[in-house]
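Take this structure, written in structure tokens, and hold onto it; I'll ask about it next.
Coordinate-derived values only; no laboratory data. Note that the coordinates shown come from a computational prediction; the quantities given were computed from them, not determined experimentally. Backbone-built Cβ (ideal geometry, glycine too); neighbour counts: all protein chains shown.
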Amino acid sequence: MRLLETEIIIDAPPQTVWAVLDDIACYAEWNPALPALSGRTTVGQQVVGTLRQPNVPEREVTPTITRVVGARELRWLNQAPGGVFSAEHIFILEPTGDGGTRILHNEIFDGPLADERWPSIDTNLRKAYLDLNQALKARAEALRDRPIALHPAVGKVASGSVETFTARCKCASDPVEIEASHAVAHNHLCGCSKCWKPEGAAFAQLAVVPAGCVAVKAHAKKLEAVDATQKIERHRCKSCGTHMVGKVHDPDHHFYGLEFVHPELATDGHQPKIEFAAFVSSLVETGTPPTSMASVRNELGRARIPAYDAFSPELMDIIAWHKVKLATAAG
Ligand SMILES: [Zn+2]
Ligand SMILES: [Zn+2]
């Protein structure tokens, strides 16, 4: 057995480094040693690619993925027929404790040909892997700093309690106008795929008012339900697509008795404080690359907006208690 060991410290969190390593379809953009690799990084799957190293002809590799521990470890195994040679390629990601990642990038060679090939592996392949490490570091560190447009309301000064507000859609003429006659609560950002997001923003912004406190003041005919099968029935302007109000019709739903509004549409520009960001991880499902998620969370942190991957703990506890109430009533 022969062991090729390399190591590098990357000033980016394991989550970001992992997102780069796990996205093998993008290796062509940065990886000098494996400039093409395709397939799925799932244990047992075979991936197909090209191995490139100094002084050795480029060759096809068809390793099988043998271990996937998200954000911690990735392994694959190349085996020559007849057991004459095997190579187990290992990436281990260790959090450094100060927000970085130590990569142990190793390969274990076995079989009768391992000794014969070792001099070339020890020089040429080692060089290829050291170059790969540097390229991985450069890519992950560049992604760590990529700016993210969270939402236009982030960073605006909150104007205390907003007691009532008028909101208009984005139509230049005949805008839909609603009036909320009650102070909003639970003003938050939402990363889910259903809530309406302004152009270029990663998040939507929503708050709730008691049901019955939202009146449509102008051009009600332009409003339509986005998807009447959803538990929260969102209503948008047919012309410009802006969501104006979300209603809950099911008396058993945990948000029954509330309506959802978008404080950013307030015509007087007043903004309530953003209390939290909900469904942050859902951004990945709607097109934000996993490599950007550390930036998203860092920016939320800088804006002092707690990030949650469902609702806030406060609301999650209320929802959980609501389920218990329903179950008790049913029993
Ligand atoms: Zn409109
Ligand atoms: Zn949402």
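Name the residues in the range 172-229 that are polar (S, T, N, Q) and within 12 Å of ligand 2 (Cβ to nearest atom), would you?
S193, Q205, listed by residue number.
Still on this structure, please answer the following. Tell me which of these R234 doesn't satisfy, since it passes every other one: (1) out of contact with any Cys (no Cβ under 6 Å at 6 or more places or on another chain); (2) closer than 26 Å to K156 by Cα; (3) part of a loop (DSSP other than H, G, I, E, B); (4) touching a residue at least 24 places away in the same chain (Cβ under 8 Å).
Condition not satisfied by R234: (3).
Rundown of residues vs (1) exposed (fewer than 14 other Cβ atoms within 10 Å of the Cβ); (2) within 16 Å of ligand 1 (Cβ to nearest atom); (3) over 24 Å from the mean Cα position of the chain (by Cα), yes/no style:
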| site | (1), (2), (3) |
| --- | --- |
| V209 | no, no, yes |
| K217 | yes, yes, yes |
| H235 | no, yes, yes |
| V261 | no, yes, yes |
| L265 | no, yes, yes |
| D268 | yes, no, yes |
| F279 | no, no, no |
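So which residues in the range 69-91 are under 27 Å from M293 (Cβ atoms) and buried (at least 17 other Cβ atoms within 10 Å of the Cβ), if there are any at all?
Residues satisfying the conditions are A71, L74, R75, W76, H89, I90, F91.
Provide a single number: the residues in the range 119-148 that are within 30 Å of T267 (Cβ to Cβ) and surrounded by 15 or more Cβ atoms within 10 Å (Cβ to Cβ).
So the answer is 1.
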